[in-house]
Each structure stands twice: as structure tokens, then as C-alpha cells.
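The values are calculated or read from the model by the stated rules, or taken from the named source; none is laboratory data. All figures in this text were calculated on a predicted structure; none of them were measured in a lab. When we count neighbours, we look across all protein chains shown, and the Cβ atoms used for this are built from the backbone with ideal geometry, even at glycine.
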Amino acid sequence: MLDIRHISKTFGKLEVLKNVHIGFERGQAVAIIGPNGSGKTTLIKSILGMVVPERGSIAFQGQTIGQDAGYRRHIGYMPQIGRYPDNMQIGQLFDMMRDLRNDTDTTLDEELIHAYRLPDIYQKSMRTLSGGTRQKVSAALAFLFSPPVMILDEPTAGLDPLSAEILKEKVQREKQRNKLFLVTSHIMSDLEELATDVLYLVEGRVVFFKSLNTLKTETGEERLGRAIAQIMQTHAS
Amino acid sequence: MEKAENHKAGILDLPMLKIAKYVVYDILRNKFVLAYLLFLLLVSMSFFNLESDPAKGMMSLLNIILIVLPLVSIVFATIHLYNSYEFTELMLAQPLRRSDIFLGQYLGMAASLCIAFGIGVGVPVLLYEGTMRGAILVGCGLLLTLAFVSLAFLSTVLARDKARGIGIALLLWFFCTILYDGLVLMGMFAFSDYPLEKVIIGLAFLNPVDLARIAMLLQLDAAALMGYTGALFQHFFGSFWGGGLSVLAMLVWIVAPLWVATRIFRKKDI
């Protein structure tokens, strides 16, 4: 459904993505793992069209993405650091997003809005929000239009344990609906609960892209964290 | 049934105009544009009240417009665009075209500043000098606002860094309002042995502030004070196609920087 075709990207002299070539399908929940600066966020931003790769292309449902932005209708994105217009109140932000989407035929998924009790703080302006509350707003926005593809960049970082649990349960439920999830995180236990597949990036290169079960049998480890640690060690030596 | 009703798309449903609408909301929450409006209102009213002859009031007002308006337009638009980086980022993750996002932001910014100018200067001019030349003064101000907001958008896409972007904006302002005339004057002295009048008419087209200044000075009959060059200006810019050409040049000053900026923005990494 989402095909990354030989993309490369450099920022100045730094090569952030090197000939990345992978395909994602519906029903997969892909954990994107890699050390800091391995190109995870750049990969995500390329999929969203925020970063334009120098070489290669990205196709969504067979259509190469270019200047046409329509495909983003099908993607929900929760950024690593949610940044919103300072002067806006939470309620106004949600109203604006609904207005801009103008999708009359999609049913809105307001489950997270209510689970996080956001209507109680609709009057608060975005400037005054804590990092965690911003994350809640980002999560609620990402799920709002119930898109078939969800991209979550470090979703649980900054969330309190209860809110993180709410989000993980939400992802579990949505996974049953044949959606594609791309999730980056450094918290292996979270990924282990959610992921079906693991994409491992190092310095902009795909080291492997395997299903979680294959990975566990190959390394002989029961836990994802240990399996990854083992691979990182073999790569380092 | 409800769906059909919702789909009755009005012009305000265009993504570009929707974005412009939210930019205007955001600017209205910022008190700066209101302060700008009040400043213009105060200045215009006092000039018209202090001078017994409205033409003199117009002349003083013109000087303010030619210096302050470009400065405020370019600096405010540049700073605001950098400050709404979060908004831009948020919009880019939505199913919206980059050109719609960028031009929507332009329209919102330009509309806000034009409204401030329209009320701050337009209303007093209408009250004290509701003539053709009053209309031309307001028209020049509006076109200059559009041109300098356009240049502001160009400066922001040229530099990722806010301080550098504002630097470029200030440099452009300084060049158009002060430096350019100095250079032209120096050129005139250096080549005073040659007939330069036509060259000077050509040079005026390379600076939007000069275009506005000449258009206004001709209206105020101050061209008579400028000797032979003034007479030549009167002859050229006063004619139908000369006037038309200067309006066209102003439009180029609005469209060209914006077009270049949009092209850069479409390929920019966020």
C-alpha cells in the first residue's frame, strides 16, 4: 500500500537516507527502530511530503506522490514534538482541522478526545500546555479522521503512564481494523506490544525489515529489547 | 440528504481562502496590526488637520507612506511568517497543496495589512480629500503593501534562520526606500553630460517605492518643481500608456517575488 522506492536524502553533507527501499502493507504495525540520527524521522517526513528526497520516489496505493496532496487525507500523523499555533485554543484547533479537512463522508473518531478529557480544557491556549498535554492533543488529532494509515513518531514519550496506556489500547483496537501503523519509539516494551514487524535503520540504511516472530526465532531471544541489543552488538563489532 | 447540503461549496471552501481566514484570525489576535492601524489613523488625521491645504497634508502623508508602510509591511510579514512555522508545519501534514498553504498565508497577511491601511489612511483621505488623487494615494499604498508583503515572503524562503530572514527583509527595505535613490542620484551626477532622462524613467520601474512616489508627485503637481526631468515624467507617466505601464510594473513587483517564493517553498524541506 505504501512503497518507498530507492529514496536518498542529504542535508548538506550529511546523508540521512541512503537508498531506502521498502514496502508496507495494510494490517502491518511496523516498529521503526534505530539509534538517534538514523533517519527515522526523515523517513516519516518523506512519506508525509514534508521532506523531498533527492532520489527515488514514494508511492501510495500505486500512485507516486508528488505535488498532489490528496493522499495525505489517508494518513494520520502524530509528530514527535507537536507544535501548534500559540495563540489558538485547543477547541479552536480542533474546529480548524475539521474545517480544513472538509471530509463530510468520514465519520470522526473522537474516542481519544474524550478519553483524554480534552473538552474540559478546550478554552486553554496552546501556548500554556505542558508537553504531555500537547502529546494528547497530537494523538487525538492523528486519530480524528480515522485514516487507514497511522504514523506515530515517539508516541508515548512525554505521556504519563495512564495516558500512554490509553493510547496503546487505542492502537491495539485500530490494528484490528486492517490499518497500517508506522511507529517509532525507543521504548522496546511498547513496540513489542504493538508491532508485527520491525524495520531497523542505521545511518540512513535499512539493516533489516522482518516480522517480529522471525526476528525472535533468529536471535533466539524472547524479548524484542534483547533481540535488538544482540543485533546492535553484532553490528558494532 | 445532509451530505448534499454540506457539499454546497462556496468560494470560502477553497483551501487557500480557508487558510487565509485562519491567518487573519491569528493576526487579529496579535495587537500589532491594530496598533499600525491606529498609528496610520492618527498620523493621517493630524496631517490633514494641521495643514490648511489638503494637498500639503497629502504631501506629508506621502512621505510617511513611502517610508513607514514598506518597513512595517516587510518586517511584520517576515516575522509573522517565521513565527507561524508551527502552523505551516501542521498544515503540511494535511491533505493541502503546498502552493495553497503558502498563497493562503500570503492572502491572509496581505488582507490584514491592506485592511489596516484602508481604514487608517483610506478613511481620513476620503473625508478630507475625496478626489482622484486621494484615490491614487490609497491605491499606491495598497499596491505597495502587496509588493512588500510579497518581498517578505521571498525573504523567509531564502533563509531558514529567522535573524537572517529579517536581515534580508530590512536590506530590501533599505535598498528600495533609501539606497536606490542615492545610487540613481550618484549615477546622474557621474553621467550628467549625457541625456539620461529616458534611462531614469526606466530606472524608476526597478523600484516599487519610486513608482509610487512618481505617481503621487505627478498628482500633487510637484513635478513642476523638478525641472526638465519633472516635465518629462509628467509627459511619460501622465500619459495613458505610461500610467498603465507603471500599474503593470507594480503588479509585476507583487507577482514576481511571490511566484519565485512559491516555487522555492514547494521544494523546501520542513
*Among the strands (runs of 3 or more DSSP E) lying completely within segment A:147-237, list those that include at least 3 residues that are surrounded by fewer than 17 Cβ atoms within 10 Å (Cβ to Cβ).*
A:205-211
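Could you tell me whether segment B:101-111 includes any residue that is more than 30 Å from A:G70 (Cβ to Cβ), touching a residue at least 60 places away in the same chain (Cβ under 8 Å) and surrounded by fewer than 21 Cβ atoms within 10 Å (Cβ to Cβ)? Step through it out loud before you land on a result.
First, the residues of segment B:101-111 that are more than 30 Å from A:G70 (Cβ to Cβ): none.
Checked against the condition, which is being more than 30 Å from A:G70 (Cβ to Cβ), touching a residue at least 60 places away in the same chain (Cβ under 8 Å) and surrounded by fewer than 21 Cβ atoms within 10 Å (Cβ to Cβ), segment B:101-111 yields no hits at all.
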*Just name the residue that is nearest to the other protein chains (Cβ to nearest Cβ) out of those in segment A:59-74 that are surrounded by fewer than 21 Cβ atoms within 10 Å (Cβ to Cβ) and touching a helix residue (DSSP H, G or I) at 6+ places or on another chain (Cβ under 8 Å).*
A:R73
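What do you reckon, is A:Q135 modelled with pLDDT under 90 and either within 16 Å of the chain's Cα centre (by Cα) or buried (at least 21 other Cβ atoms within 10 Å of the Cβ) (or both)? Reasoning before the result, please.
Values: modelled with pLDDT under 90: no; either within 16 Å of the chain's Cα centre (by Cα) or buried (at least 21 other Cβ atoms within 10 Å of the Cβ) (or both): yes.
Spelling it out, it is not the case that A:Q135 is modelled with pLDDT under 90 and either within 16 Å of the chain's Cα centre (by Cα) or buried (at least 21 other Cβ atoms within 10 Å of the Cβ) (or both).
Could you pull out the residue among A:L43, A:L17, A:L48, A:L2 that is surrounded by 23 or more Cβ atoms within 10 Å (Cβ to Cβ) and under 18 Å from A:P147 (Cβ atoms)? Let's see the steps before the verdict.
Numbers: A:L43 fails: under 18 Å from A:P147 (Cβ atoms); A:L17 fails: under 18 Å from A:P147 (Cβ atoms); A:L48 fails: surrounded by 23 or more Cβ atoms within 10 Å (Cβ to Cβ).
Going through A:L43, A:L17, A:L48, A:L2 in turn, just one is surrounded by 23 or more Cβ atoms within 10 Å (Cβ to Cβ) and under 18 Å from A:P147 (Cβ atoms): A:L2.
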*Among the residues of segment A:224-237, is there at least one that is in contact with a Gly (Cβ under 7 Å, 6 or more places away or on another chain) and in contact (Cβ under 8 Å) with a residue 40 or more places away in the chain?*
no
*Considering each of B:P54, B:P95 in turn, give the residue that is within 14 Å of another protein chain (Cβ to nearest Cβ) and not aromatic (F, W, Y).*
B:P95
*Return the residue satisfying two criteria in turn: it lies in segment A:75-103 and is surrounded by 16 or more Cβ atoms within 10 Å (Cβ to Cβ), away from every other protein chain (no Cβ under 11 Å) and at pLDDT 90 or above, and of such residues it is farthest from A:S46 (Cα to Cα).*
A:I90
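Go through segment A:104-130 and give me each residue that's exposed (fewer than 14 other Cβ atoms within 10 Å of the Cβ) and within 14 Å of another protein chain (Cβ to nearest Cβ). Can you show your working first?
The first filter runs over segment A:104-130 and keeps only residues exposed (fewer than 14 other Cβ atoms within 10 Å of the Cβ), leaving A:104-107, A:114, A:117, A:119-120, A:123, A:127-128, A:130.
Selection gives A:T104, A:D105, A:T106, A:T107, A:R127.
One line per residue, one yes/no per condition, for (1) acidic (D, E); (2) closer than 24 Å to A:V16 by Cα; (3) at pLDDT 90 or above:
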residue	(1), (2), (3)
A:E165	yes, no, yes
A:E174	yes, no, yes
A:N178	no, no, yes
A:F181	no, yes, yes
A:S189	no, no, no
A:E192	yes, no, no
A:Y200	no, yes, yes
A:V206	no, yes, yes
A:E221	yes, no, no
*Counting only residues that are aliphatic (A, V, I, L, M) and surrounded by 22 or more Cβ atoms within 10 Å (Cβ to Cβ), how many does segment B:47-61 have?*
2
*Consider A:D3 carefully, then state whether it is under 20 Å from the mean Cα position of the chain (by Cα) and among the acidic types (D, E).*
yes
_Criterion (over 29 Å from A:R72 (Cβ atoms), more than 10 Å from chain A (Cβ to nearest Cβ), surrounded by fewer than 19 Cβ atoms within 10 Å (Cβ to Cβ) and not acidic (D, E)) met by exactly one of B:I74, B:I67_ = B:I67
